[in-house]
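Notes follow the structure.
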Amino acid sequence: MRTPPAQEPRTPLPPALAEPTRNVRALWVAGISLANLGMWMAFFGPLQVLLPEQVGRVAPADKETVLAWVTGIGAAMAMIATPLAGALSDRTTGRLGRRRPWVLAGAALGGAGLVLLGTQESVPGILVGWSFVQTALSCLNATLLAAVPDHVPRSQRGAVSGWIGIPQSAGVVAAVVLVTVVVTEISPGYTLIGVLTLVCALPFALLSPDPPLPRESRPPWRDFGRSLWVSPRRHPDFAWAFLTRFLIGTGNAMFVLYLLYFLRDEVGYEDLFPGSSATDGLLTLILVYTAAVVATTVVAGVVSDRIGKRRGMVAFAGVVMGLPAFAVALTPTWTAVVVCAVVLGVGFGVFLSVDNALVTEVLPTAEGRAKDLGIVNIASSGPQVIAPALAGPIVVHLGGYPVLYTVCGLVSLLGAAAVWKIRGVR
């Protein structure tokens, strides 16, 4: 009898590419949460308050259209830059590791861009400034996203995604408070947010372990362009996860884009509460919404880890997020909007942690984690492009806010249905 040939032992993956098996500690979670807080303040401070106010001063007659162009083009820049930055960080082989240099560069350039954006007094200046900020923050976002599959085992990703998700909502509150209460002028508001972006990122960038990637394990540069395409036929679960996030994200982005104008022009907040501004109402809604997100996101992540099921919880979140849109379309009153903020926060809290965990389980390769998550992030930033293109004409020409919020609800329900097409995750 012939002796079968001995199989060659597999070469172990370097630590930078190996699937993590040890739970991360609370200090690591705190560091990445703080970095995310700074990043989300940099995104949402301008989006919620500073950009609408800045655009309103520069182009008061066409504020809706101009704001749609500024936010849409900025989001398009982020959509392009995030996978590119991710692919570059996947190939970074210096002693500082793959992610750390990009965290530092993204935070520093994003903070500086915000300071300069605050000095702009023309529509082109605002457009270019916000596009630069979005591009720089994409470097930070791509590498923070990749840190989860780099370091967190699958059995802990729901809980960690929940803790990381809290700053996404808390960042809205913190940013709005900072630029409406602490600093009330546009330029100082941008400067304060810019400085905090860098300060919040430094502890994680300097103290978090980041194993360097050996040069021999680096993905080949000749495949750089081709790697930016992930075939839906070869990786259908990845494609369906992308579509789920894109649809639910589009519904949510359309819901919040004109919220400040909706409170002022449709709800009549300033007439209901003389002496108050629509910005005060927006802050109230953000606080209510954030409380609901914080109350649900970590719990939902822990539950999904323990039961090992993600799809049903993501579908539930999509349905819950669609209901407030229909309610606001039918009853545009202040009371209805407050109740809807609670429901929307519950749905988004569940979606935030569970969908993030689900996505990390359908990534095609370990070598391209940041790039693949950057591609998935197109499903988060893409809605910022699509939402203005859809919402602007609806509000101005196709029926106004009732039609807008009805469309928001329908799109969210489509996203809830799409998640059931994923087969490799329970």
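Points worth noting:
- Length-normalised contact order for the stretch 274-426 - Cα pairs under 8 Å, 6+ apart - percent: 36
- Exposure proxy ranking, count of Cβ atoms within 10 Å, fewest first, for H397, H151: H397, H151
- For the chain: relative contact order, % (alpha-carbon pairs under 8 angstrom, 6 or more apart): 27
- Applying both filters, DSSP loop and at most 15 other Cβ atoms within 10 Å, to the trypsin sites (Lys or Arg not before Pro) of the stretch 67-101 gives R95.
- Once the Cα-Cα distance is subtracted from the 0.36 nm per residue extended length, the R218 to E185 segment shows a gain of 7.2 nm.
- Under 21 Å of direct C-alpha separation, and excluding same-chain neighbours fewer than eight residues apart, K309 reaches these lysines: K421.
- Ranked list, fewest to most other Cβ atoms within 10 Å of each Cβ, for T197, T333: T333, T197
- Between V396 and F273, the simple spin-label model (points 7 angstrom out along Cα→Cβ) gives 3.0 nm.
- Look at where the Cα atoms of the stretch 172-194 and of the stretch 236-279 average out, and the two centres are 20 Å apart.
- Using 0.36 nm per residue and subtracting the Cα-Cα separation, the extra length available between T365 and R234 on full extension is 45.9 nm.
- Normalised contact order of the stretch 126-283, rounded percent, pairs of Cα under 8 Å and 6 or more residues apart: 14
- With helices as the sole contributors, the chain gives -24500 deg cm²/dmol at 222 nm; each DSSP H run of n ≥ 4 counts as -39500 (n - 2.57), and the sum is divided by every residue.
- Net lengthening on full extension, L287/D62 (0.36 nm per residue, minus Cα-Cα): 78.1 nm
- Membrane-span-like helices in the chain, defined here as complete DSSP H runs extending at least 24 Å along the helix axis by their C-alpha atoms with mean Kyte-Doolittle hydropathy no lower than -0.5, are 26-45, 63-90, 100-117, 123-151, 157-177, 186-207, 236-257, 278-307, 311-330, 334-360, 369-397, 401-418; this is a sequence and geometry rule, not a statement about a membrane.
Computed from the coordinates by the stated procedures, all read-outs in this text should not be read as laboratory data. Just so you know, these numbers come straight off a predicted model, no measurement behind them. Cβ coordinates were reconstructed from backbone atoms using ideal geometry, including for glycine residues, and neighbour counts include every protein chain displayed.
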